[in-house]
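First the structure, in the form of structure tokens, and then the observations on it.
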Amino acid sequence: MAKLKKSLGLFDGISLLIGITIGSAIFATPQIIAGYTNSFTLIIILWLAVSLFVFIGSLIYAELGSRFPNTGGEYIYIREAFGPFWGFIFGWAQLIIIRTSPAAGISLITANYLGYFIPMNQFEKIIASIIIIIIFGTINYIGVERASFYNKFSTLIKTLGITIFTVAGLAMFEGDFLKLSETASVTENLGTIGNIVAALMLILFSYLGWDRVGYIAGEMKEPQKVIPKTMFYGISTIAILYISANILYHTVLGIEGVRSTSIVASDIASLVFGKTGASLMSVIVIISATGSINGTMMSASRLYYAMAREGMLFKWFNNIHPKFRTPSNAIIAHCIWGIILLVVRQNFETIVTGMVFTILIFYTFTTVAFFKFRKLDLGESGYRIPFYPFLPSIYLIGLTSLVLLRIYYQFNLSMQDLSFVLTGVPVYFIFFKNNKILLEK
């Protein structure tokens with residue numbers, strides 16, 4: 001049987017992490033977050049808190065990736081710790097809601113920004129979004145090197161673009177920082193804690209992607225060394241860019257101004273740099289969003305392949321293309337389900353909180369698995385997180401609190417999100433309960 005090619009290094013890992021994580025969220029969530037908060041001070045505190053929280057999580061995942069340097073990421077960790085049923089449920093949730101929904105939503109955001117240059121109605125945007133998914137499915141199908149090249153390209157463009165945008169914007173804006181001290185009554189009414197939880201969910205959505213580096217560990221040259229460095233450099237870069245962008249948004253527009261726009265980056269670029277600047281910013285957003293689609297497809301398809309290879313997903317997914325050496329059928333499935341979700345939902349915002357809520361549940365499972373592996377000293381030697389068990393305990397408490405608070409403040413939505421995941425229960429017992437796991441040696 002053909003095997004995945006080990007060709008990815010540190011720069012590939014960093015590019016993948018940044019490429020997946022920085023998509024459309026930093027250009028779409030700040031205006032929503034502003035509605036849940038009453039000041040920039042609170043907003044920046046929440047962004048800083050989530051940045052630190054995610055960094056702790058990335059250190060845990062760095063150790064997990066070092067212990068189990070196999071393609072599959074969290075699926076491997078959850079399956080090893082809790083057995084095949086929970087591993088299957090995690091992988092099923094990835095396919096049904098967690099990884100395919102962003103492909104659908106972000107492709108629509110890409111189409112919206114294409115509409116800046118080519119006016120389109122809603123139907124035409126849906127068609128454009130479908131074409132975008134197919135294009136990046138094709139790129140991933142014909143080779144991991146090509147997909148990784150686009151990740152590197154999009155990562156370079158979005159990183160330089162956001163950096164220049166924020167630095168030049170703050171330097172050229174003829175104003176002051178007085179708007180950072182403005183306050184305004186919240187426009188959403190979930191209560192003080194409920195609003196903060198909702199804002200935290202949106203900020204966490206902006207960071208989603210850092211956890212997927214482990215999915216391609218089987219294609220890394222030296223995963224024990226590459227994964228920890230990838231997490232450190234990638235998360236640090238993203239945190240700096242996100243916080244800088246928020247400072248620019250609120251310096252130029254203030255909290256009320258940020259709330260009133262749906263395309264905050266382009267509006268600011270237009271005010272500071274003029275029409276040409278707004279056009280360039282729209283191009284950067286398009287490249288950024290498609291980079292995220294590409295990176296998600298690149299990593300998630302390896303999860304589906306890893307599950308099928310072990311008999312825990314339909315055999316059709318267990319296929320390596322003889323020429324391109326990519327998990328071709330898994331990539332096709334990702335595209336098809338992403339297109340179905342796009343056609344059914346047709347709205348970017350409806351996927352965000354539910355997707356984050358579902359992911360947080362599995363982050364909790366993964367963290368509990370981490371404690372089990374540490375206690376039993378399972379897996380290979382390599383990187384180990386510092387300040388154990390203090391840092392992992394903080395992370396686990398934070399995850400559990402967010403999940404429970406979201407259920408309390410948005411019970412109906414939480415139950416709807418869980419229903420997506422629970423569809424995997426009958427599928428498992430009908431098709432996979434008696435399958436024998438084929439562990440990779």
Sparse-neighbourhood loop hits (trypsin sites (Lys or Arg not before Pro), region 361-428; DSSP loop; Cβ within 10 Å at most 16 others) -> R384
Which of K152/K372; K221/K315; K125/K229; K225/K375; K372/K433; K229/K372 exceed 29 Å between C-alpha atoms? The answer is K152/K372; K125/K229
With R₀ set to 45 angstrom, the calculated FRET efficiency between the beta-carbons of M172 and I430, to the nearest 0.05, is 0.15
Long-range alpha-carbon pairs in region 252-379, meaning those over 21 Å apart, account in percent for 64 percent
By the Kirkwood definition, with r running over pairs of different Cα atoms, region 53-197 has a hydrodynamic radius in Å of 20.1 Å
For the chain, using Cα atoms only, the Rg and Dmax in Å read 20.9, 68
Taking only protein heavy atoms and a 1.4 Å probe, the highest-to-lowest accessible-area order of L376, L17, L271, L190 is L271, L376, L190, L17
Probe 1.4 Å, all chains present, heavy atoms only: F205 accessible area in Å², nearest 10, is 20 Å²
Carbon plus sulfur, as percent of the 1.4 Å-probe accessible area of the chain, comes to 67 percent
With +1 on the Cβ of every Lys and Arg and -1 on the Cβ of every Asp and Glu, the dipole magnitude of region 262-406 about its Cα centre, in debye rounded to the nearest 20, is 360 debye
Taking a ≥ b ≥ c as the square roots of the Cα gyration tensor eigenvalues, with a/c under 1.5 meaning rounded and otherwise prolate when a/b beats b/c or oblate if not, region 345-441 comes out oblate
Relative contact order of region 247-369 (C-alpha contacts under 8 Å, at least 6 apart) in percent is 11 percent
SASA check, V264, accessible area w/ 1.4 Å probe, all protein chains in place, rounded to nearest 10 Å², comes out at 0 Å²
Distance in Å, no decimals, from the C-alpha centre of region 240-262 to the one of region 116-182 is 17 Å
For region 1-131, shape from the Cα gyration tensor axes a ≥ b ≥ c, cut at a/c of 1.5 then a/b versus b/c, turns out oblate
TM-like helix rule applied to the chain (DSSP H, alpha carbon span at least 20 Å on the long axis, mean Kyte-Doolittle at least -0.5) gives 40-67, 100-114, 122-141, 144-172, 191-207, 223-259, 275-309, 328-345, 349-376, 390-409
accessible surface per residue for the chain, probe 1.4 Å, DNA/RNA/ligands not counted, whole Å² -> 40 Å²
Stokes-Einstein D for region 165-208 (10 °C, 1.306 mPa s, Kirkwood Rh from Cα pairs), in µm²/s, comes to 119 µm²/s
Among region 25-59, those whose backbone N falls under 16 Å of a label point 7 Å along Cα→Cβ from T261 are 25-35
For G209, other-chain or 5+-apart residues with amide H closer than 5 Å (H placed, Pro excluded) are none
Of the candidates V226, A289, T276, the farthest towards the positive dipole end of region 194-333 (Lys/Arg Cβ +1, Asp/Glu Cβ -1, centred on the Cα centre) is V226
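The values are calculated or read from the model by the stated rules, or taken from the named source; none is laboratory data. These numbers were taken from a predicted model, which means no experiment stands behind them. Virtual Cβ from ideal backbone geometry, glycine too; neighbours counted across all protein chains shown. Ligands, DNA and RNA are stripped out before the accessible areas are found, and what is left, the full protein with its side chains, is counted by its heavy atoms. Shrake-Rupley method; radii C 1.70, N 1.55, O 1.52, S 1.80 Å.
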